[in-house]
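Take a look at the structure set out below.
The values are calculated or read from the model by the stated rules, or taken from the named source; none is laboratory data. What you are looking at is a predicted structure, and each value in this text was computed from that prediction instead of being measured. All Cβ positions, even for glycine, are placed from backbone atoms using ideal geometry, and neighbour counts span all protein chains on display.
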Amino acid sequence: MRHHIENRIYHVEILPPKQDTEKLHEDLELFTTKYNRVKESGYCACITDNAMGLLAFQGPEVIEELCLKVEPSQVMIHLNTFHTKANLHEILDTCVAQGIKYLLIITGDGSDRLPKLTPADVGATDVQSVTSVELLRYIAKQYPGKFTMGVAFNPYEPQEHEFAKMERKMAAGAEFVVTQPIIEKNAIVDELLRKYPDVPVIIEAWMSKKLYLLSDAVGYEIPEDTEFDPIETLKQIHRDYPDCGVYLSLLGFKTQYHLISDTWVRE
Amino acid sequence: MKIVVCIKQVPATNDAKIDPETKRIIREGLKAILNPFDTYAVEEAVQLRERFGGEVIVLSMGPEKAALSIREAVSVGADRGVLLSDRAFGGSDTWATSYALANAIRKIGDVDLVICGKQAVDGDTAQVGPGIAAHLDWKQATYVMAVEDASDDSIVVKRMHEDGYDICELKLPAVVTVVKDINTPRIPTLRGRLASEKIEVPVWKPADIGADLSKIGLDGSPTRVVRTAPPPPRNTVTKKISGTSAECADALIKELRLRSIL
């Protein structure tokens with residue numbers, strides 16, 4: 001992952017088609033276009049796993065079914081704890097078969113339709129429910145050497161709690177960190193960088209103009225009419241965090257993609 | 001084992017409006033989904049086929065767009081589906097619906113087991129499964145939470161009731177209705193979804209299943225909905241607890257205990 005930062009490789013989030021879509025073929029075509037565009041740009045396509053608990057098709061199966069080419073350093077799959085054990089292994093086996101190397105392990109968002117891994121599924125005897133820590137440990141044990149796994153960091157959670165969790169994630173085998181979106185220099189992220197100077201950290205940049213959509217993540221209400229310039233904020237993130245990578249969420253492929261190649265400039 | 005799963009397409013919303021004249025749900029403009037309880041029925045049928053071999057056939061009655069729900073069931077492992085769709089079926093109550101479905105099951109032929117979800121979330125009657133068993137004069141078990149065993153001529157099920165559960169052995173052919181404790185329905189794969197788009201869903205009319213027109217639709221329905229009303233609003237009160245985390249947790253536990261929730 002250090003290679004991504006040194007070579008200014010953006011991490012671009014792509015959402016796979018939702019399960020309840022009424023225009024599946026159109027959505028698959030759009031996914032293909034975005035995936036190939038990210039690949040051709042030399043960036044890393046980051047594919048979500050039932051984001052916000054909304055049922056979607058899995059990234060690895062979409063890549064396999066559409067026969068998309070995988071460059072191992074250019075694909076990152078999100079994987080959360082809302083799966084059956086059999087389904088988890090199907091996803092991981094498909095990743096191995098496709099040559100996908102990077103996984104972002106998160107606890108994730110559930111829903112009525114989504115099953116949840118049990119502690120017994122992942123051989124965890126000391127917990128009531130499975131989090132990213134147990135999932136990470138399980139994958140590291142079951143698929144030794146197959147994946148480079150990262151974890152999420154939330155600077156909006158109580159600091160002591162979040163750093164204690166980060167310790168457990170690192171002990172379980174995390175090799176890089178992706179933060180929740182920040183829109184300015186953040187003291188807790190700074191602390192993360194101080195505590196883990198050798199761990200590659202990827203800052204999530206919020207690319208939607210609708211800043212209020214971040215309200216849930218940050219834990220306070222952002223007014224709907226808040227003005228926000230994602231591209232300028234992105235440039236500022238690069239200035240504030242020159243040694244970090246950047247993860248672009250909700251990037252507008254039509255309106256913003258062509259602008260991002262000029263934003264990551266070393267000063 | 002030849003298994004028929006009876007499914008229903010229902011409105012996806014909890015905010016459905018009732019037509020004041022017909023007392024039926026206004027379905028126009030509502031997104032339709034496979035009845036959530038039926039997803040457990042489909043999953044159980046697919047698991048039984050995986051254990052014992054055989055075939056899973058999905059059967060539904062409704063407008064032509066209900067074929068989408070049949071395709072959804074195929075995308076998670078059902079082998080094929082049949083749709084009963086005709087104006088003459090419109091307005092059927094649970095008795096007329098179960099009559100039509102029973103006739104279709106007879107036409108499919110050599111069926112060992114019929115599985116239904118315990119009820120549909122739009123009508124909440126839980127009557128269609130037992131109705132099918134009555135029309136076919138087959139054994140039935142409702143509220144099944146596990147299939148313990150099965151053989152060529154019988155099935156052993158665990159059925160849930162308020163005071164515990166029963167273990168029942170049923171001679172096949174039989175009808176069971178299932179509750180959501182029975183399994184975890186699988187999520188459709190992309191491959192399954194794409195394959196399901198290619199299957200043909202035959203549409204059967206009343207004549208195809210030898211249905212007596214006087215026994216289906218409004219004419220064949222002994223039930224009349226006299227009046228419908230939304231449930232009274234819940235009398236909820238919001239109470240804010242403040243203090244340190246520990247104080248809030250203590251206060252919350254105390255409140256829950258006072259209300260016998262804990």
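For the stretch A:151-169, enumerate the residues that are among the hydrophobic types (A, V, I, L, M, F, W, C), part of a helix (DSSP H, G or I) and under 17 Å from the mean Cα position of the chain (by Cα). A:Met166 - this is the single residue of the stretch A:151-169 that is among the hydrophobic types (A, V, I, L, M, F, W, C), part of a helix (DSSP H, G or I) and under 17 Å from the mean Cα position of the chain (by Cα). Which one of the conditions (1) of a type outside the set (Val, Ile, Thr); (2) modelled with pLDDT under 95; (3) surrounded by fewer than 23 Cβ atoms within 10 Å (Cβ to Cβ) does B:Ser92 fail to meet, given that it meets all the rest? Condition (3) is where B:Ser92 drops out. For the stretch B:27-63, filtered to residues that are assigned to a strand (DSSP E or B) and modelled with pLDDT of 95 or more, the residue that is nearest to B:Pro206 (Cα to Cα) is B:Met61.
Filtered by the rule that a residue be closer than 21 Å to A:Gln180 by Cα and either touching a His at 6+ places or on another chain (Cβ under 7 Å) or of a type in the set (Asp, Glu) (or both), the stretch A:249-267 gives A:Thr263, A:Trp264. From the list B:Ser85, B:Ser60, the lone residue that is under 30 Å from A:Ala86 (Cα atoms) and either free of Cβ contacts under 8 Å to residues at least 60 places away in the same chain or of a type in the set (Gly, Ala, Ser) (or both) is B:Ser60.
Suppose we filter the stretch A:64-92 for residues that are of a type in the set (D, E, K, R) and farther than 28 Å from A:Ile5 by Cα; how many remain?
Within the stretch A:64-92, the subset of a type in the set (D, E, K, R) is A:64-65, A:69, A:71, A:85, A:90.
Of the ones still in play, those that are also farther than 28 Å from A:Ile5 by Cα are A:65, A:85, A:90.
Total satisfying the criteria: 3.
Note on the stretch A:1-68: enclosed helices (runs of 4 or more DSSP H) holding 2 or more residues that are over 30 Å from B:Lys65 (Cα atoms) and away from every other protein chain (no Cβ under 14 Å) are A:2-6, A:24-40.
Which members of the stretch A:63-84 meet the condition of being touching a Pro at 6+ places or on another chain (Cβ under 8 Å) and crowded, with 22+ Cβ neighbours inside 10 Å?
Keep residues of the stretch A:63-84 that are touching a Pro at 6+ places or on another chain (Cβ under 8 Å), which gives A:77, A:82-84.
Within the stretch A:63-84, A:Ile77, A:Phe82, A:His83 qualify.
Residue count for the stretch B:229-262, restricted to those that are among the charged types (D, E, K, R) and under 33 Å from the mean Cα position of the chain (by Cα): 1. For the stretch A:214-247, how many residues are assigned to a helix (DSSP H, G or I) and modelled with pLDDT of 90 or more? Qualifying residue count, the stretch A:214-247: 11.
Among the numbered conditions (1) in contact with a Phe, Trp or Tyr (Cβ under 7 Å, 6 or more places away or on another chain); (2) within 14 Å of chain A (Cβ to nearest Cβ), the only one that B:Thr184 does not meet is (1). Selection of the stretch B:104-141 for residues being assigned to a strand (DSSP E or B), hydrophobic (A, V, I, L, M, F, W, C) and within 10 Å of the chain's Cα centre (by Cα) yields B:Ile115, B:Cys116. Would a scan of the stretch B:190-201 turn up a residue that is closer than 23 Å to B:Pro36 by Cβ and basic (Lys, Arg)? Looking for residues that are closer than 23 Å to B:Pro36 by Cβ and basic (Lys, Arg), one finds at least one in the stretch B:190-201, hence yes. Residue count for the stretch A:196-250 satisfying the condition of being farther than 27 Å from A:Phe31 by Cβ and β-branched (Val, Ile, Thr): 5. Flag set for A:Leu250, criterion: modelled with pLDDT under 95 and either surrounded by 14 or more Cβ atoms within 10 Å (Cβ to Cβ) or in contact with a helix residue (DSSP H, G or I) (Cβ under 6 Å, 6 or more places away or on another chain) (or both).
Listed by first and then second residue, the pairs with beta-carbon distance under 8 Å, at least 6 apart or on different chains, first residue in the stretch B:200-215 and of a type in the set (Phe, Trp, Tyr), second part of a helix (DSSP H, G or I), are B:Trp204/B:Ala104; B:Trp204/B:Lys107.
Could you please find all residues in the stretch A:21-72 being within 18 Å of the chain's Cα centre (by Cα) and among the β-branched types (Val, Ile, Thr)? A:Val38, A:Ile47, A:Thr48, A:Val62, A:Ile63, A:Val70 - these are the residues of the stretch A:21-72 that are within 18 Å of the chain's Cα centre (by Cα) and among the β-branched types (Val, Ile, Thr). The residue of the stretch A:85-115 that is surrounded by the most Cβ atoms within 10 Å (Cβ to Cβ), among those that are in contact (Cβ under 8 Å) with a residue 40 or more places away in the chain and of a type in the set (D, E, K, R), is A:Lys101.
For B:Ala174, the requirement of being under 20 Å from the mean Cα position of the chain (by Cα) and either among the small types (Gly, Ala, Ser) or loosely packed, with under 15 Cβ neighbours inside 10 Å (or both) is met.
Taking the stated definitions as given, is B:Pro173 in contact (Cβ under 8 Å) with a residue 24 or more places away in the chain and more than 14 Å from every other protein chain (Cβ to nearest Cβ)? Considered against the rule, which asks whether it is in contact (Cβ under 8 Å) with a residue 24 or more places away in the chain and more than 14 Å from every other protein chain (Cβ to nearest Cβ), B:Pro173 comes out as yes.
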